1. Filter the range 89-112 for residues that are more than 22 Å from the chain's Cα centre (by Cα) and part of a strand (DSSP E or B); which is modelled with the lowest pLDDT?
2. Output the residues belonging to the range 21-41 that are surrounded by fewer than 19 Cβ atoms within 10 Å (Cβ to Cβ), at pLDDT 95 or above and in a helix (DSSP H, G or I).
3. Hey, among the residues in the range 47-79 that are more than 23 Å from residue 240 (Cα to Cα) and touching a residue at least 60 places away in the same chain (Cβ under 8 Å), which one's surrounded by the most Cβ atoms within 10 Å (Cβ to Cβ)?
4. Please determine whether any residue of the range 134-151 is over 30 Å from residue 185 (Cα atoms), at pLDDT below 95 and loosely packed, with under 14 Cβ neighbours inside 10 Å.
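The values are calculated or read from the model by the stated rules, or taken from the named source; none is laboratory data. Given the structure is predicted, the values throughout are model-derived calculations rather than measurements. Every residue, glycine among them, receives a Cβ derived from its backbone with ideal geometry; neighbour counts consider all protein chains shown.
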């Protein structure tokens, strides 16, 4: 199936709810949310803080590989030192608690806001810096062969639900507006500011092979992502795009 580029001025109409509002300020770069069990379980709270710090370090810098840096690994052991505040949201609010076991095992959305200056200092020690400039919107044109059909992943495509959900789930983790076409019914060849074009196909072992190209006004980069499950392949491609764009725009 041929991949098409869509006129930029039509994107908001064609892509509907997939267009995220422009990010304002930087606080979103220094906060993250995960799921934990209970409000008074201190080891579980610390686990949640560690998970959130991992997300914030990757998101703020635009570089997921920084998580392997010794400075970051050390900070994860002392995570409380970087926390500015945290809050809980009861995922079962309004649902009657039936027993003590249910009370203890109640799950919460756990949101942690980290100290911006401390995170920036940590990133500097790790040899990087926060990506504070306005982040571009990325149009993702992903063509898939799943062994039965060839299709473009869109908001309305019958196939590609899993790939679509992976893309959407990475919006908050990358602090980027990741958009896909609403449909492939209105092809118009033109340029968009930043486009990630991908081709994925499943092999006989059930794993996915893929090749990608990231294009913007200044550069074009191409690569082949490691073979794996489709969620890992897509995540690798998007995070690589984030890293390339961050290096250009920090």
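1. 90
2. none
3. Residue satisfying both the conditions and the ranking: 48.
4. Looking only at the range 134-151, we keep the residues that are over 30 Å from residue 185 (Cα atoms), and these are 134.
Retained after the next criterion (residues that are at pLDDT below 95): 134.
Among the residues that remain, those that are also loosely packed, with under 14 Cβ neighbours inside 10 Å are: 134.
Yes, the conditions are met somewhere in the range 134-151.
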